[in-house]
């Protein structure tokens, strides 16, 4: 591996780098910095979060920046306020010994007047979020007509957050004669489109394979019934008493609920979601950064741009809506050569998704057993003993109390004293996990490389008796990425009965229809009270259209689900009478 001294950087930059204790380059830095110092070709760099990308593009840009000019020479775009602030802070650290160097950050949630004043005073590098940058461009406060470098950092994240139109507009304002640097962890179609449309025969530098996860992360999963997700999460936290990680949930509501439950149960946790004000968000993040919180429960959108060092765990309370998001989630641990752990809690119907993510990441995931009560109690006991053994003793402060304490406990033998001491802290775990049930669910049998369980997904046997259906309206459709599979999953997670017939499913642009066993109309509507999907409150109403199903007939269908598929809408429910 190269040292920074070998790259030919200015002494002022090398001095700053050494002050930051940087010695050897990371793989992405070793490939990118020499290229950018010697070439003006566009660049696509594929590397995971936390691999040193800011220095990879920041150092060569600072090396070539004209510090005698206060005109903007570089525009760096990133998906979130947090990442924007982090990039700007890093660039300021790299340029601390460069005279006249100025980095300006612009982002939403902050006073735009002060940002406009900074731009008026001038600077060479602007780091911003697409929305705020575009706002300032339209106000004619941010002039990017003569920039030499355009950097798109976490480009795939910006596209997934819906910034495509903003990026297209900003790109149109930049000069043709510039060097575009695109950094991304994955290579979805949107990134390829940007490369084809806005870049000129770009060089591609890749650290690892495309769309692959970080090398230092161990991936595992626990299979439980849907109703046991929270209990499984608590056991994962209890078996890892020194956990410092992020728990990812799909919706804001679920994030709030999980965080509130953890806090009420005595865990050192808090939530990060879209309903928080910027001040509340900053407060939570500051507590998490200084490790006053052990567990941060967050949605994918709220967590984007979080850059926190030394995370031990990433826990997927639910699988993400898109498999590629898994790479971004788990890329937040296992950084700087340290080991990280990625854990996912799934139910049996999600094995197909799990296998697809395995192929995407390029690793085999280990299925682990949810720890039982005895295992957790043993772990917590020895963690307590370790803490007692390593605790720092303040002799001067406690010496005055020792005689009185010794007198009070003198009747206890050494063995009894240890028992009393341990029990004072340990009894709550023994009490809580007494007769704790086994939460593990066996995976579905695999057949021809695909997981199928006819007992769970529904028997495909033909039936002679007919079923009467109610046709329901639901207020989400393709606009919220609803499909037959996600609709079935939604029903499975919220309904409280099993072995119920479902008929046709029609997914439309802004709403959808599905047919459901008429006997369970009220139960279904009750199950979906106060339920959200993709941030939208679910509305389910029966329509006037009903029909009676005839005998099943064999037919070919392109859909993953048959016209009339029997399924267990809640495989975790206790056994009830089959209909």
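The numbers here are math on the coordinates, done by the rules we state, and not lab data. It should be emphasised that the depicted structure is a prediction, and the values quoted were computed from it without experimental measurement. Note: ideal-geometry Cβ built from the backbone for every residue, glycine included; neighbour counts use all protein chains shown.
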#### Entry: FRET efficiency for residue 522 and residue 227, using Cβ-Cβ distance with R0 set to 22 Å, rounded to 0.05
0.60
### Query
Does a label point 7 Å from the Cα of residue 389, set along Cα-to-beta-carbon, have any residues of the range 407-429 with amide nitrogen under 12 Å, and which are they?
none
### Message
Using the Kirkwood radius over C-alpha pairs as Rh, can you work out the diffusion coefficient of the range 1-153 via Stokes-Einstein at 25 °C, viscosity 0.890 mPa s, in µm² per second?
### Response
155 µm²/s
### Query
Separation between the residue 406 and residue 289 pseudo-spin-labels, each 7 Å from Cα along Cα→Cβ, expressed in nm?
4.8 nm
### Query
Expressed as a whole number of Å, what is the distance separating the alpha-carbon centroids of the range 289-325 and the range 345-386?
17 Å
#### Entry: Ellipsoid equivalent to the chain - semi-axes via the Cα gyration tensor, in Å
45, 38, 21
### Query
Roughly how many whole Å is it from the C-alpha centroid of the range 34-84 to that of the range 389-429?
57 Å
#### Entry: residue 20-residue 37 pseudo-label distance in nm [points 7 Å out on the Cα-to-Cβ vector]
1.5 nm
### Summary
For the chain, percent of DSSP beta bridges that are antiparallel (nearest 5) comes out at 35 percent
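Hey, what's the Kirkwood Rh for the range 374-432 if you take every pair of different alpha carbons, in angstrom? Walk me through the numbers before you get to the answer.
Working: mean 1/r = 0.0753 Å⁻¹.
Kirkwood radius, the range 374-432: 13.3 Å.
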### Message
Sort 268-274, 75-81, 532-538, 429-435 by the packing proxy (mean of other Cβ within 10 Å over each peptide's residues), most packed first.
### Response
75-81, 268-274, 532-538, 429-435
### Query
Over the alpha carbons of the range 14-56, what is the largest minus smallest coordinate on each principal axis, giving the biggest first in Å?
31, 23, 13
### Task
At 0.36 nm per residue, minus the direct Cα-Cα distance, what do residue 531 and residue 509 gain on full extension? Give it in nm, one decimal, please.
5.9 nm
### Task
With both partners inside the range 217-372, how many of the DSSP beta bridges are antiparallel, as a percent to the nearest 5?
0 percent
### Query
How much mean residue ellipticity at 222 nm does the chain get from its helices, if each DSSP H run of length 4 or more adds -39500 (n - 2.57) and you divide by all residues, to the nearest 500 deg cm²/dmol?
-11500 deg cm²/dmol
### Message
What distance in nm lies between label points placed 7 Å from Cα along the C-beta direction at residue 68 and residue 415?
### Response
8.6 nm
